[in-house]
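Below is one structure; the comments refer to it alone.
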Amino acid sequence: MSAPGVQSFTQQGWEQVLAKVKRALVYVDAACAESLHWGCGSARLLEAVGAPACHLREFEPNAAGGEADQPKAVFVLSCLLKGRAVETLRDIIRRSHFQYCVVVTAVSHAVHLTANHVPPAAAAELEGQQPVFEQLEEKLCEWMGNMNYTAKVLHIPLLLAPAAPHLALTPAFASLFPLLPQDVHLLNSARPDKRRLGSLGEVDATALPPELLLQIRCLVSGLSALCEHLAVREECFAVGSFSRIIAADLANYAPAKNRRKTSTGRASVVFVDRTLDLTGAVGHHGDNLVEKIISVLPQLPGHTNDVMVNMVELTALQNEEENQNMVAPGCLAQSNDAAAKALWEALLNAKHKEAVMEVRRHLVEAASRENLPIKMSMGRVTPAQLTSYIQLFKNNLKALVSHCGLLQLGLATVQTLKHPQTAKWDNFLAFERLLLQSIGESTMPVVLNQLLPLIKPSNQRTNDDYSPEELLVLFIYIYSVTGEFTEDKDLAETEEKVKKALAQVLCKESELSPLLQKITGCDALSHLTFHRSKAAVDALFTSLRDIAGARSLMKQFKSVYVPGNHTHQASYKPLLKQVVEEIFDPERPDPVDIEHMSSGLTDLLKTGFSMFMKVSRPHPSDHPLLILFVVGGVTVSEAKMVKDLVPTLKPGTQVIMLSTRLLKPLAVPELLFATDRLHPDLGL
């Protein structure tokens with residue numbers, strides 16, 4: 001058995017679920033479905049159910065109930081068992097004929113006590129008891145219509161969607177994003193004058209709205225369960241003000257304190273705010289095929305980290321648009337196919353050119369094993385060449401079934417290489433490099449003026465021009481990489497010109513995309529006046545200013561921009577790279593911006609004594625396992641960079657990269673301009 005990791009943690013959780021589902025109707029919510037998708041695959045669940053019909057349903061208010069011959073149900077939920085979730089449970093059960101119900105929640109009972117306003121002292125006295133779950137069990141029997149029927153409510157920490165042994169996402173927290181300075185004004189509006197916050201640096205747990213605090217606590221509950229599985233006692237560190245709140249909550253989470261007393265291993269958990277470096281999130285410098293696949297192919301419905309691969313190519317249907325919905329889409333996650341999984345992990349860790357060659361090699365080897373009439377060709381890999389190899393499997397059902405996972409990854413590669421947005425990727429990259437040089441040589445107004453000619457209405461744009469959403473990506477890049485800049489009249493005037501041009505372009509769009517609807521607050525173009533458009537663009541630029549000032553509270557990680565000189569061009573240095581290099585600096589200086597979160601009196605005493613005695617403060621490089629958690633999303637390239645960098649700085653150190661979601665450039669504006677950042681909808 002390999003060492004415990006993110007994959008074994010997820011599989012162990014799902015094994016507990018699979019043990020309960022025999023001949024049951026299974027209802028799964030979107031976040032748990034995504035965990036299943038990456039962790040062990042829906043085929044495993046259907047196998048465990050063992051019924052001839054498909055007994056898998058989405059957990060939602062209109063879900064069909066169970067028939068008279070379906071007496072057993074299992075509900076697998078990522079959320080708190082409260083509010084809307086309980087109402088949906090009640091409605092489904094009442095319109096069914098269940099006699100046996102199992103409800104699995106990914107949120108621990110301790111967090112359910114917090115959600116029900118049980119004070120910490122009273123919660124401590126309830127150790128070993130689960131009154132919230134027991135009360136719901138009674139309700140389930142009541143809704144089934146007989147108190148003698150069987151109901152069971154249990155907690156299984158289905159937190160992660162493991163994309164690779166070194167990388168896992170948290171689908172239930174895909175919308176969690178660090179606060180921006182403008183959020184401080186919103187927090188202050190609910191506080192008395194004497195207790196107003198001066199900056200993001202002053203925001204602590206007590207200042208947050210209760211639903212955001214509860215969302216953080218739900219995440220912390222899952223992370224604590226992961227540390228328990230890894231058998232580690234974790235030290236918590238944070239880079240950024242929002243990460244500080246999460247790290248402090250994990251450090252002081254009561255069940256975690258009890259667990260740490262018996263843990264044998266040690267780990268450092270470092271939380272990092274995504275907002276400190278959005279350049280890496282929207283930039284196109286990542287030379288990675290998977291990053292391009294995720295960026296250009298349509299999202300798999302209900303998922304945040306996977307895409308739809310058009311599989312019509314492998315059928316007798318014509319590859320016309322109307323046929324695409326007739327065949328179930330393929331995807332990237334191949335949790336049950338060892339060969340496809342090996343290729344997927346190779347693609348995550350390879351450069352674009354190597355990855356495309358690796359896809360070809362796997363297709364050639366699979367075709368050879370199946371004795372398919374393959375024509376070998378060396379040299380550059382083309383989409384047509386890959387398609388010709390994939391087509392060989394089309395009329396051989398046995399070969400098609402055996403290599404289905406590989407063919408999905410092969411088609412994802414072909415569709416990405418042929419996609420018009422992939423050609424545009426290089427345009428973005430060239431323009432970003434140009435901007436990096438301009439930033440060093442020019443003032444911000446000059447840089448913004450370079451963007452003015454690119455702002456064109458839809459009737460004047462060609463395929464090579466930038467849409468309003470793509471322009472937003474460029475603006476985020478500029479403001480994030482530049483950082484703080486001095487205000488002057490010239491800048492104000494240039495910004496105003498850019499804002500007017502952008503507001504006019506929005507009004508002339510042929511239709512508003514979901515992102516533009518969110519930004520403008522208009523669901524139809526007919527409702528968008530220039531006045532409304534300009535107000536939306538003004539608010540957008542307030543957010544861009546916030547992004548530029550995101551590192552203002554940092555002392556060490558103040559910049560991600562490296563100016564050019566006679567021998568080197570100006571470049572971008574990722575914040576994550578700076579953080580990892582600082583953690584493993586052989587001189588072991590006391591980290592300035594990587595704050596340690598104390599988990600009680602002993603830690604506080606240590607920190608206090610270290611000021612005048614030789615007591616070593618906890619340092620993130622102290623332990624053999626480093627868990628880096630980027631709050632707000634991470635790119636495939638960043639995960640690869642960290643995975644490759646750590647062994648060169650401190651061989652033997654294991655690193656696990658966690659984040660709320662995989663990022664593509666166009667996902668960043670959606671997160672940035674979300675209206676529910678402070679008040680997430682937990683359905684309570």
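The values are calculated or read from the model by the stated rules, or taken from the named source; none is laboratory data. On a predicted model such as this, the values are computed, not experimentally measured, just so you know. For neighbour counting, all protein chains shown are included, and Cβ atoms are generated from backbone atoms with ideal geometry for every residue, glycine included. Please note that ligands, DNA and RNA were not included when accessible areas were found on the heavy atoms of the full protein model with its side chains. Shrake-Rupley method; radii C 1.70, N 1.55, O 1.52, S 1.80 Å.
So which GluC sites (Glu not before Pro) in the range 299-390 pass both tests, a DSSP loop state and at most 11 other Cβ atoms within 10 Å of the Cβ? Kindly include the intermediate steps, with their values, before the conclusion.
Values: sites: Glu313, Glu320, Glu321, Glu322, Glu345, Glu354, Glu358, Glu365, Glu370; in loops: Glu320, Glu370.
Sparse-neighbourhood loop GluC sites (Glu not before Pro): Glu320.
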Cβ-based charge dipole, the chain, positive-most Cα from Leu180, Ala367, Gly283: Ala367
Gap separating the Cα centres of the range 71-88 and the range 179-206, nearest whole Å: 35 Å
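May I ask which of Lys518/Lys558; Lys353/Lys664; Lys518/Lys573 have a Cα-Cα span longer than 24 Å here?
Where the Cα-Cα span goes over 24 Å, the pairs concerned are Lys518/Lys558; Lys518/Lys573.
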Along each principal axis, Cα extent of the range 298-418, largest first, Å: 37, 33, 28
FRET efficiency, Ala674 to Asn396 (Cβ-Cβ, R0 45 Å, nearest 0.05): 0.45
Other-chain or far-sequence residues with amide H under 5 Å of Ala151's (modelled H): Cys101
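Express the carbon and sulfur contribution to the solvent-accessible surface of the range 433-549 as a percent, rounded to the nearest whole number, probe 1.4 angstrom. Each step should come with its number before you reach the end.
Details: 2660 of 5350 Å².
The C+S portion of the solvent-accessible surface of the range 433-549 is 50 percent.
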Residue (of Pro210, Thr635, Leu406) at the positive-pole extreme of the chain, dipole from beta-carbon charges: Leu406
Accessible area in square angstrom per residue, the chain, 1.4 angstrom probe: 44 Å²
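Sum up the charges of everything whose Cβ sits under 14 Å from the Cβ of Asp538, counting Lys and Arg as +1 and Asp and Glu as -1, but leave Asp538 out.
Numbers: positive: Lys497, Lys499, Lys500, Arg532, Lys534, Arg545; negative: Glu495, Glu496, Asp546.
Taking every other residue near Asp538 into account, the sum is +3.
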Cβ-based charge dipole, the range 433-549, positive-most Cα from Ile519, Gly440, Gly549: Ile519
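Stretch Glu345-Leu515 to full length: gain in nm at 0.36 nm per residue minus the Cα-Cα span? Present the calculation step by step, with values, prior to reporting the outcome.
Working: separation 170, 0.36 × 170 = 61.20 nm, distance 3.15 nm.
Fully extending the segment from Glu345 to Leu515 adds 58.0 nm.
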Convex hull projection area averaged over all views, the range 524-582, Cα basis, nm²: 7.2 nm²
Simple Cβ-charge dipole of the range 116-213, Lys/Arg +1 and Asp/Glu -1, about Cα centre, in debye nearest 20: 340 debye
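Give me the percent of accessible area attributable to carbon and sulfur for the range 227-315, probe 1.4 angstrom.
On the way: 1280 of 2410 Å².
Roughly 53 percent, rounded to a whole number.
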Two-site label geometry, Thr264 and Leu126: point separation in nm, points 7 Å out along Cα→Cβ: 3.4 nm
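Would you please name the trypsin sites (Lys or Arg not before Pro) within the range 66-136 that are DSSP coil residues with at most 15 other C-beta atoms within 10 Å of their C-beta? Don't jump to the answer; show the numbers that get you there.
Numbers: sites: Lys72, Lys82, Arg84, Arg90, Arg94, Arg95; in loops: Lys82, Arg95.
Those satisfying the criteria are Arg95.
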Whole-percent carbon and sulfur share, accessible surface of the range 51-146, 1.4 Å: 48 percent
Residues in the range 450-468 reached by a label modelled at Leu525 [backbone nitrogen below 18 Å; 7 Å Cα→Cβ]: 455-463, 465-468
The range 6-158 shape via C-alpha gyration tensor axes, a/c threshold 1.5: oblate
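Are there any trypsin sites (Lys or Arg not before Pro) in the range 348-391 that are in a DSSP loop and have at most 15 other Cβ atoms within 10 Å? List them by number. Don't skip to the answer; put the middle values down first.
Details: sites: Lys351, Lys353, Arg360, Arg361, Arg369, Lys375, Arg380; in loops: Lys351, Lys375, Arg380.
Filter output for the range 348-391: Lys351, Lys375, Arg380.
Pulled fully out, how much extra length does the chain show between Thr443 and Asn463, if you take 0.36 nm times their separation in residues and subtract their Cα-Cα distance? Let's see the in-between values first.
Working: separation 20, 0.36 × 20 = 7.20 nm, distance 3.00 nm.
Result: 4.2 nm gained on full extension.
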Inter-probe distance in nm under a simple model that places probes 7 Å from Cα toward Cβ, at Asp622 and Asp204: 2.2 nm
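What do you get for Rg/Rh of the chain when both radii come from the Cα atoms and Rh is the Kirkwood radius? Walk me through the intermediate numbers first.
On the way: Rg = 26.2 Å, Rh = 27.1 Å.
Here Rg/Rh amounts to 0.96.
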Whole-angstrom gap from the range 1-37 to the range 350-367, using each part's C-alpha centre: 31 Å
Axial C-alpha extent at least 24 Å, average Kyte-Doolittle at least -1.0 - helices from the chain (DSSP): 210-229, 352-369, 420-441, 489-507, 530-548
Total charge dipole magnitude, the range 6-158, about the Cα centre, Cβ charges on Lys, Arg, Asp, Glu only, Debye to nearest 20: 260 debye
Distance violations [Cα-Cα > 24 Å] among Lys261/Lys555; Lys292/Lys375; Lys292/Lys577: Lys261/Lys555; Lys292/Lys375
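Quick one: ranking Asp585, Asp29 by accessible area, 1.4 Å probe, largest first, what do you get?
From most exposed to least exposed: Asp585, Asp29.
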Rg in Å to one decimal, and Dmax rounded to a whole Å, for the range 433-549 via C-alpha atoms: 14.1, 43
Highest-first arrangement of 384-390, 7-13, where packing means the average Cβ count within 10 Å: 7-13, 384-390
Mean-position separation - Cα centroids, the range 650-674 and the range 236-288, in angstrom: 12 Å
Extension gain, Lys152 back to Glu354 (0.36 nm per residue minus Cα-Cα distance, nm): 67.7 nm
Net charge of neighbours whose Cβ lies under 13 Å from the Cβ of Val356, counting Lys and Arg as +1 and Asp and Glu as -1: +4
Anchor Lys257: lysines whose Cα lies under 24 Å away (excluding residues fewer than 8 positions away in-chain): Lys606
Check: the chain dipole with +1 on Lys, Arg Cβ and -1 on Asp, Glu Cβ, in debye: 860 debye
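How high is the relative contact order of the chain, in percent, with contacts defined as C-alpha pairs under 8 Å that are six or more residues apart?
Details: 1095 pairs, mean separation 119.0, N = 684.
Taking the mean separation of contacting Cα pairs over the length of the chain, I get 17 percent.
Among all lysine pairs in the range 6-158 that are eight or more places apart or on different chains, how many have alpha carbons less than 12 angstrom apart? Kindly include the intermediate steps, with their values, before the conclusion.
Details: Lys20/Lys72; Lys20/Lys152; Lys22/Lys72; Lys72/Lys152; Lys139/Lys152.
For the range 6-158, qualifying lysine pairs total 5.
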